[in-house]
């Protein structure tokens, strides 16, 4: 995690508004580990990163611990891919409805674009 003063300076300089708090991030982590059949692939952008890396598995324990002040946004892919074999396409299970209902139930603000769910940690001002 970057230095707190670096994060604070970045937030102030870019006039970012907080959209999530530790409680909501913790609720998200608990919700995402509540379904043993679904381990979402995630993509995360940290405040000081210029770009986000690709989708990968997530260890949610750091989020439950409240170490989230540097998360600009987090994306969740609701499609679970399961490798079957070289000659057979991966098995796909769609958890879109479950994910949408879970986020709404936990009152976690999100947007859905092209089948991907994005949770904003901070919101940038309009250009």
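Assorted remarks:
- A full extension of the chain between residue 35 and residue 48 corresponds to an added length of 1.5 nm, given 0.36 nm per residue minus the alpha carbon distance.
- Dimensions in Å of region 4-123 - Rg and Dmax from alpha carbons: 15.4, 52
- Ranked for footprinting exposure by Cβ neighbours inside 10 Å, fewest first, 103, 74, 6 give 6, 103, 74.
- Estimated FRET transfer efficiency when R0 is 22 angstrom, pair residue 106-residue 18 (beta carbons, to 0.05): 0.80
- Using R0 = 22 Å, the C-beta based FRET efficiency linking residue 91 and residue 114 works out to 0.55.
- Per-residue Cβ neighbour rank within 10 angstrom, fewest leading, 51, 71, 88: 51, 88, 71
No value in this document is a laboratory result; all are computed from the given coordinates. Computed from a predicted model, the values in this text were never measured in an experiment. Neighbour counts run over all protein chains shown; Cβ positions are idealised from the backbone, glycine included.
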